[in-house]
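K.L.:
My questions will all concern the structure given below.
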Amino acid sequence: MIAEPCTILFDRLHRNALRGGSALRDLRALQAMLVKRLTAMGLCLPRYLFRPHMSLAYGAAPERTIPIAPIGWQVRELQLVKSIHGEGRHETLARFELIRRQGSFGF
């Protein structure tokens, strides 16, 4: 699969996590393309909601949604990881570089 780098941008605090709505359009497109390619290869993937977020704390949190100044970064690599359930850690199984196919100006 050929995929270009994309941007992750969180623009609100929801409960105890950073989240982004339409600001995650590129990341959602990458995830949809990945799912499409994997299922075309015959892999059976579990159904789940793709809700990118960054947890800031665990446990109870007040029901709130607060807009924040955007926090973001460029995704240049896709990692296949095994989540060690209940331990809060992940084991990297493989890494795949995302390569820009078209040049860009630095301004």
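K.L.:
I'm checking my understanding of the structure. Among residues of the stretch 70-93 that are touching a Ser or Thr at 6+ places or on another chain (Cβ under 7 Å) and polar (S, T, N, Q), which one is nearest to Leu56 (Cα to Cα)?
P.N.:
So the residue we want is Gln74.
K.L.:
Six or more apart or on different chains, Cβ atoms under 6 Å: show the pairs whose first residue is in the stretch 63-87 and closer than 22 Å to Gln31 by Cα and whose second is surrounded by 10 or more Cβ atoms within 10 Å (Cβ to Cβ) and of a type in the set (Asp, Glu).
P.N.:
Short answer, once both residue conditions are applied: Pro70/Asp11.
Okay, residues lined up against (1) open to solvent by 80 Å² or more (accessible area, probe 1.4 Å); (2) in contact with a Gly (Cβ under 7 Å, 6 or more places away or on another chain); (3) closer than 18 Å to Leu9 by Cβ; (4) at pLDDT 85 or above:
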| site | (1), (2), (3), (4) |
| --- | --- |
| Tyr58 | yes, no, no, no |
| Ala61 | no, no, no, yes |
| Ile68 | no, no, yes, yes |
| Gly72 | no, no, yes, yes |
| Ser83 | no, no, no, yes |
| Glu91 | yes, no, no, yes |
| Glu97 | yes, no, no, yes |
| Ser104 | yes, no, yes, no |
| Phe107 | yes, no, no, no |
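K.L.:
Assess whether Leu13 counts as being surrounded by 13 or more Cβ atoms within 10 Å (Cβ to Cβ) and among the hydrophobic types (A, V, I, L, M, F, W, C).
P.N.:
Yes.
K.L.:
Restricting to the stretch 22-38, count the residues that are open to solvent by 70 Å² or more (accessible area, probe 1.4 Å), among the polar types (S, T, N, Q) and either closer than 28 Å to Arg89 by Cβ or in a strand (DSSP E or B) (or both).
P.N.:
Residues flagged as open to solvent by 70 Å² or more (accessible area, probe 1.4 Å), among the polar types (S, T, N, Q) and either closer than 28 Å to Arg89 by Cβ or in a strand (DSSP E or B) (or both) within the stretch 22-38 amount to 0.
The values are calculated or read from the model by the stated rules, or taken from the named source; none is laboratory data. These numbers were taken from a predicted model, which means no experiment stands behind them. Backbone-built Cβ (ideal geometry, glycine too); neighbour counts: all protein chains shown. Note: areas computed on protein heavy atoms with side chains; ligands, DNA, RNA excluded. Shrake-Rupley method; radii C 1.70, N 1.55, O 1.52, S 1.80 Å.
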